[in-house]
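**Q** The structure is given below, and queries will be raised subsequently.
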Amino acid sequence: RSSSSAKGPSAIAAMSLTTAAVTQYLADHKLEAIISDAVYDCVTAKAEDPLLHIANYLTKLREQQGASASESGLNKLQIKDIDVTGKRVLIRVDFNVPQDKKDPSVITNTARIDGAMPTISYCLENGAKSVVLMSHLGRPDGMVKQQFSMAPVAKELEKILGKPVTFLHDCAGAEVEKACADPADGSVILLENLRFKLEEEGKGVDADGNKVKADKAKVSEFRASLAKLGDIYVNDAFGTAHRAHSSMVGEGFETKASGCLVAKELEAFSKVLDNPSKPVLAILGGAKVSDKIQLIKNMIAKVDKLIIGGGMAYTFLKVLNQMPIGASLYDEDGAKIVPEIMELAKEKGVEITLPLDFVYSSKFGEDGETGESTAAEGVPDGMMGLDCGPKSIALNEEVILSSKTIIW
């Protein structure tokens, strides 16, 4: 604008630079789709200063997007919005760390412990009386299995934190409540594996390997015990956020907030999902459909395409096509939900891509008998599908390359 009264090449260069800047702004903020709307609005308004008019148009649009982002989840209470001074803070973390196969007491990667450090450090640096950490490790299915004890995690946490960590050999009950009632100021306490208790997941197996369900009264008792361990509940276990387990719901707390890691992930998701470049593709895997049912439903409401792979693909293919799956992973509970998911996808116009072929093996290991089969053939008896085959890879590549936003 400052050069609008200038004459000659310098004015033309300045105007070109400004136009380029606006174009770059649109590209940087993935707003190319509304350029025609902005220009049309500018023309119909007979704006004296087109560039200023477009800039104002974009500013209003960004403000609307900001409001949308706030409504979509960024308005959730975060730990940094809370005064933790003198408070006992109970934090649900995700310390489900990888363990050495030969020696489970050896933690092979501490990334998940590192991920919780900003929340832990914030509480300690801002005068929290205590930080009580709770997590699961592995799948002990409601029984005490020492290979899944949190004791090795406590040692790693001490090294990373640089201060003592009190490890409790249980996660609920009178003794744990007593230890957490009035600890020394600045204490860090780690509870034993939550999944040693049947009441955490609400189901598990007994000593004979039979599936069992937790008693509802005992689940309520377990949750009430957890509620006595802190004054504030913080959820920083983003990787477990899709599970409605006892430690995840924060029952019995007046003040509940998200931790730094969860807040960071929510912000990232908001950027991707609130104003994505289309078409949007989500890629989902994992073993169980039932574990991710709410995630899948939410994704279908927001995406244009969905690739389903991993272990859950075999459940879908068996239900939809009656495909033989051999010894592949199969989710009985999830199988009941597959028709509902497909109907919802059809209703929303979401294109679902399933594998066309597979790589299978006689066992999960390097020395198994391997082979390939198509979806028409299925997985042979005694074999387990472990990966997608070349036709599936080519199909997935085509779907991915035709997408503008990809959530994996």
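**Q** Less than 18 Å apart at the alpha-carbon level, and either on another chain or at least 8 residues along: which aspartates and glutamates does that give for Lys346?
**A** Asp304
**Q** Now for a different question. Full extension from Lys336 to Gln322: what is 0.36 nm times the residue separation minus their Cα-Cα distance, to one decimal in nm?
**A** Extending this stretch completely gives an extra 3.7 nm.
**Q** Please state the charge dipole magnitude for the stretch 276-406, taken about the Cα centre, from unit charges on C-beta atoms (+1 on K and R, -1 on D and E), reported in debye and rounded to the nearest 20.
**A** On the way: 13 positive and 19 negative charges, 149 e Å.
So the dipole magnitude of the stretch 276-406 works out to roughly 720 debye.
**Q** Here is a further query. Going by a ≥ b ≥ c, the root eigenvalues of the Cα gyration tensor, does the stretch 88-269 fall in the rounded group (a/c under 1.5), the prolate group (a/b larger than b/c) or the oblate group?
**A** Working: a/c = 1.40, a/b = 1.19, b/c = 1.18.
Rounded is the answer for the stretch 88-269, as its axis ratio a/c remains below 1.5.
**Q** Nearest 0.05, what FRET efficiency do Glu372 and Val144 give at R0 = 56 Å with Cβ-Cβ as r?
**A** Details: r = 42 Å, r/R0 = 0.74.
FRET efficiency, Glu372 to Val144: 0.85.
**Q** Multiply the residue gap between Ile293 and Val272 by 0.36 nm, knock off their C-alpha separation, and tell me the result in nm, one decimal place.
**A** Numbers: separation 21, 0.36 × 21 = 7.56 nm, distance 2.04 nm.
So the chain would gain 5.5 nm between Ile293 and Val272.
**Q** Could you tell me the calculated FRET efficiency between Phe253 and His169, based on Cβ-Cβ distance and R0 = 25 angstrom, to the nearest 0.05?
**A** Working: r = 24 Å, r/R0 = 0.97.
Calculated value: 0.55.
**Q** What is the sum of charges around Met383, taking Lys and Arg as +1, Asp and Glu as -1, for the other residues whose C-beta is under 10 Å from the C-beta of Met383? Kindly include the intermediate steps, with their values, before the conclusion.
**A** Numbers: positive: Lys363; negative: Glu369, Asp381.
Once all neighbours under 10 Å are counted, the net charge is -1.
**Q** Give the aspartates and glutamates reachable from Lys203 as a straight Cα distance under 12 Å; neighbours fewer than 8 places away on the same chain don't count.
**A** Asp141, Asp215
**Q** Taking a label point 7 Å from the Cα of Lys101 along the Cα→Cβ vector, which residues of the stretch 354-384 have an amide N closer than 20 Å to it?
**A** Counting only backbone N, you get 359-371, 383-384.
**Q** Can you spot the lysines whose alpha carbon is less than 30 Å from Lys129's alpha carbon? Ignore those fewer than 8 places along the same chain.
**A** Lys76, Lys80, Lys87, Lys155, Lys159, Lys163, Lys178, Lys197, Lys218, Lys228, Lys256, Lys264
**Q** Local charge sum around Arg243 (other residues, Cβ-Cβ under 9 Å, Lys/Arg +1, Asp/Glu -1)? Working shown, then result.
**A** On the way: positive: none; negative: Glu201, Asp291.
Here the charged neighbours net out to -2.
**Q** Looking at Val289, Phe364, Ile325, which one has the Cα that reaches farthest to the positive end of the dipole of the stretch 276-406 (charges on Cβ: Lys, Arg +1; Asp, Glu -1)?
**A** Farthest towards the positive pole: Val289.
**Q** Kindly list the residues of the stretch 205-233 that lie in the label zone of Ala181, defined by a backbone N under 14 Å from the point 7 Å along the Cα-to-C-beta vector.
**A** Inside the label zone: 228-230.
**Q** So what's the gap between the Cα centers of the stretch 218-273 and the stretch 332-408, to the nearest angstrom?
**A** 32 Å
Taken together, the values in this text are just the output of simple stated rules run on the coordinates, not laboratory data. Just so you know, these numbers come straight off a predicted model, no measurement behind them. Don't worry about glycine lacking a Cβ; one is built from the backbone with ideal geometry, like all the others, and counts go over all protein chains shown.
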